[in-house]
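Peer 1: One structure, pasted below without further comment.
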């Protein structure tokens, strides 16, 4: 039996190995993904993002308990950062998780960013395809703790939950671009802290400022206390109301098509980079060129234009 | 290829002394490994289930409660039962030499005792990885 055959028979150990195989980009992983793509497309993909320490893992854990009650099969990816210096990582999202036994409905996998800077890992999308092909009803991706611009999650999910805390800022913070724009649902976690209603009000007001009509999804703000399972049912309902809403107005499919388009372009970019840029780097002495720029004999734009002109001639 | 050594670190049983395992976690991280830290009060079944889902190369446990002669064999049993005996099991704690010898006979790859430098654990894992074969066919 091959690992893929075991995978197709529902063996979680095989799923786990296939995830590593894709994550490590072992020889033939593209062919393997090709086989998995054919079986994917059914799982609902939920993203959970927000700043470090907002309670994303605890919130995911709380949602998982709700999913268990609903008897849904869920695959989870939790991302933590890799060190830019050593490449090592401490993946600690499991500390917040209760026990999810192997023979149960939840499969949980920790991943390190391995150099990616958008809040996810380069392999996240592909691993979601693998989980989808395995037969989960839902997949959840928990990003690294993000700031305002690590927004890769929007290209990996159908619904994004942005998790904030009462101390996350004032009304102007709530109006800023970036993270605050990508939410389909806001969770204001740790809502048992003082002044939590303040940020809830600020958020709701900022959302009111956005142009909307009866066809616009009105982004809900749900105060939660994830560690006590408080208001998690409401958060769960809002997530699925959003899915139902975008399925009804066609945005669900439009969004997925757009994601596929972006994916193809991303694959092309990386192939071009490999095929051309790396070959160029073999031929051209960048150290020598930089020296000329440093000495003021030329500038980076002229150098790049010349190299690009050479490339086009080939 | 972008392979990293993945290690699951856990504290089985009831003792809450987690300084040692955190020192190891930081050392392995700084050695370029991906460390999945699961925290306190883990049962053997929880540890092995997590190790399988995380597809780790090694499981490291820290036991300071004196229950090592119960917990290590229990983990080995679950690994066998779940067909996960190819994962390296190592550990550390306040463990007498006689017990250490017996545990290593039972199938624990390596037991570290107080005073062992973290570099020893790093070197042990790197060497153990070299001899770990993988002949499974993916497709």
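The values are calculated or read from the model by the stated rules, or taken from the named source; none is laboratory data. If you're wondering where the values come from, they're calculated on a predicted model, not measured in any experiment. With ideal geometry, Cβ positions are generated from the backbone for all residues, glycine too; neighbour counts draw on all protein chains shown.
Peer 1: Residues being within 8 Å of chain B (Cβ to nearest Cβ), modelled with pLDDT of 90 or more and surrounded by fewer than 21 Cβ atoms within 10 Å (Cβ to Cβ): count how many of those fall in the stretch A:99-115.
Peer 2: 1
Peer 1: Search the stretch A:193-209 for residues that are farther than 21 Å from residue A:227 by Cα and pair each with any residue that is surrounded by fewer than 12 Cβ atoms within 10 Å (Cβ to Cβ) when their beta-carbon atoms are under 7 Å apart and the residues are at least 6 apart or on different chains.
Peer 2: A:202/A:170
Peer 1: Follow-up. Which ones in the stretch A:6-34 are at the interface with chain B (Cβ under 8 Å from one of its Cβ atoms), surrounded by 15 or more Cβ atoms within 10 Å (Cβ to Cβ) and in a helix (DSSP H, G or I)?
Peer 2: Across the stretch A:6-34, the qualifying residues are A:12, A:13, A:16, A:17, A:18, A:19, A:20, A:21, A:23, A:32.
Peer 1: Can we say residue B:74 is more than 29 Å from residue A:101 (Cβ to Cβ) and either modelled with pLDDT of 95 or more or outside any helix (DSSP H, G or I) (or both)? First the steps, then the outcome.
Peer 2: Working: more than 29 Å from residue A:101 (Cβ to Cβ): no; either modelled with pLDDT of 95 or more or outside any helix (DSSP H, G or I) (or both): yes.
So residue B:74 does not fit the description; no.
Peer 1: Right, another one. Quick one: which of B:84, B:128 is within 14 Å of another protein chain (Cβ to nearest Cβ) and surrounded by 14 or more Cβ atoms within 10 Å (Cβ to Cβ)? Walk me through how you get there before you give the answer.
Peer 2: Working: B:128 fails: within 14 Å of another protein chain (Cβ to nearest Cβ).
Matching residue, one of B:84, B:128: B:84.
Peer 1: Looking only at the stretch B:5-55, how many residues end up being more than 7 Å from chain A (Cβ to nearest Cβ) and outside any helix (DSSP H, G or I)?
Peer 2: Qualifying residue count for the region: 18.
Peer 1: For the stretch A:78-87, which positions are surrounded by fewer than 21 Cβ atoms within 10 Å (Cβ to Cβ) and facing chain B (nearest Cβ under 8 Å)? Show your work before the answer.
Peer 2: Going residue by residue through the stretch A:78-87, those that are surrounded by fewer than 21 Cβ atoms within 10 Å (Cβ to Cβ) are A:81, A:83-87.
Correct list: A:83, A:86, A:87.
Peer 1: Quick check on residue A:78: is it touching a strand residue (DSSP E or B) at 6+ places or on another chain (Cβ under 6 Å) and assigned by TED's automatic domain parsing to the domain that holds residue A:181? Give the steps one after another, and end with the answer.
Peer 2: Working: touching a strand residue (DSSP E or B) at 6+ places or on another chain (Cβ under 6 Å): yes; assigned by TED's automatic domain parsing to the domain that holds residue A:181: yes.
Criteria met by residue A:78.
Peer 1: Another one. Testing residue A:96 on (1) at the interface with chain B (Cβ under 10 Å from one of its Cβ atoms); (2) surrounded by fewer than 21 Cβ atoms within 10 Å (Cβ to Cβ); (3) more than 30 Å from residue A:230 (Cβ to Cβ); (4) touching a helix residue (DSSP H, G or I) at 6+ places or on another chain (Cβ under 7 Å), one condition comes back false. Which one is that?
Peer 2: Residue A:96 satisfies every listed condition except (3).
Peer 1: Is it true that residue A:258 is out of contact with any strand residue (DSSP E or B) (no Cβ under 8 Å at 6 or more places or on another chain), assigned to a helix (DSSP H, G or I) and more than 26 Å from residue A:157 (Cα to Cα)?
Peer 2: Details: out of contact with any strand residue (DSSP E or B) (no Cβ under 8 Å at 6 or more places or on another chain): yes; assigned to a helix (DSSP H, G or I): yes; more than 26 Å from residue A:157 (Cα to Cα): no.
So residue A:258 does not fit the description; no.
Peer 1: Residue B:58: away from chain A (no Cβ under 13 Å), under 11 Å from the mean Cα position of the chain (by Cα) and under 18 Å from residue A:89 (Cα atoms), yes or no? Lay out the reasoning, then the answer.
Peer 2: Details: away from chain A (no Cβ under 13 Å): yes; under 11 Å from the mean Cα position of the chain (by Cα): yes; under 18 Å from residue A:89 (Cα atoms): yes.
So residue B:58 passes the test.
Peer 1: So is residue B:120 over 28 Å from residue A:18 (Cβ atoms), touching a strand residue (DSSP E or B) at 6+ places or on another chain (Cβ under 8 Å) and part of a helix (DSSP H, G or I) or not? Let's see the steps before the verdict.
Peer 2: Details: over 28 Å from residue A:18 (Cβ atoms): yes; touching a strand residue (DSSP E or B) at 6+ places or on another chain (Cβ under 8 Å): yes; part of a helix (DSSP H, G or I): yes.
So residue B:120 fits the description; yes.
Peer 1: Okay, next question. Hey, any hits in the stretch A:67-76 for a residue that's touching a residue at least 12 places away in the same chain (Cβ under 8 Å), away from chain B (no Cβ under 12 Å), assigned to a loop (DSSP other than H, G, I, E, B) and closer than 15 Å to residue A:142 by Cβ?
Peer 2: No, there is no match, as no residue in the stretch A:67-76 is touching a residue at least 12 places away in the same chain (Cβ under 8 Å), away from chain B (no Cβ under 12 Å), assigned to a loop (DSSP other than H, G, I, E, B) and closer than 15 Å to residue A:142 by Cβ.
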